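**Q** First the structure, then my questions, so here it is.
Read-outs: derived from the displayed coordinates by stated rules, not from any lab. If you're wondering where the values come from, they're calculated on a predicted model, not measured in any experiment. Quick reminder, even Gly has a Cβ in these numbers, built from the backbone with ideal geometry, and neighbours come from all protein chains shown.
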Amino acid sequence: MSLDLNALVRAVKKAAVEAVRAENPMGVCHGTVTGLSPLEITTDQKLILGEKHLILTNAVRDYTVEMTVDHVTEVISHGHSVTDTYTGGGTAQPVDHSHPYKGRKSFRVHLGLKMGEKVILVRCDGGQKFVVLDRWEAP
């Protein structure tokens, strides 16, 4: 009996692919947001996923980001309060001016999911966890 090395390699590759598919390590599916508090997503296969099954990316959740800014505000006409122990203080006359806006600032990004939104999910860990990648359709 002759040994066909190419046939052996193909057979091993095929067995490896089938083993990976049998373990169900990852797959893409779609779902709809059916609850917000707590978060709930129902997949196209009618599987209901709760918060403990979901991993949210920044594309589908609210988060805070720090940014460095270096600019001035728009020019507007307004006055400022004046602290003066001699005159008792008061308010300066309104005048057109701007203010510097510099430094490291925190900004809130509002991307949280809303009821009825359609999302793209990646199934991982044999179906125990789902990564919510992004929305693909808003109601």
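**Q** So, counting K/R as plus one and D/E as minus one, what does the shell of residues with Cβ under 13 Å around Tyr101 add up to?
**A** Here the charged neighbours net out to +1.
**Q** By how many nm would the segment from Asn58 to Met115 lengthen if fully extended, with 0.36 nm per residue of separation less the alpha-carbon distance?
**A** Here the segment from Asn58 to Met115 would lengthen by 18.8 nm.
**Q** Right, something else. Roughly what would the spin-label model give for Tyr101 and Ala15, points 7 Å off Cα along C-beta, in nm?
**A** 6.5 nm
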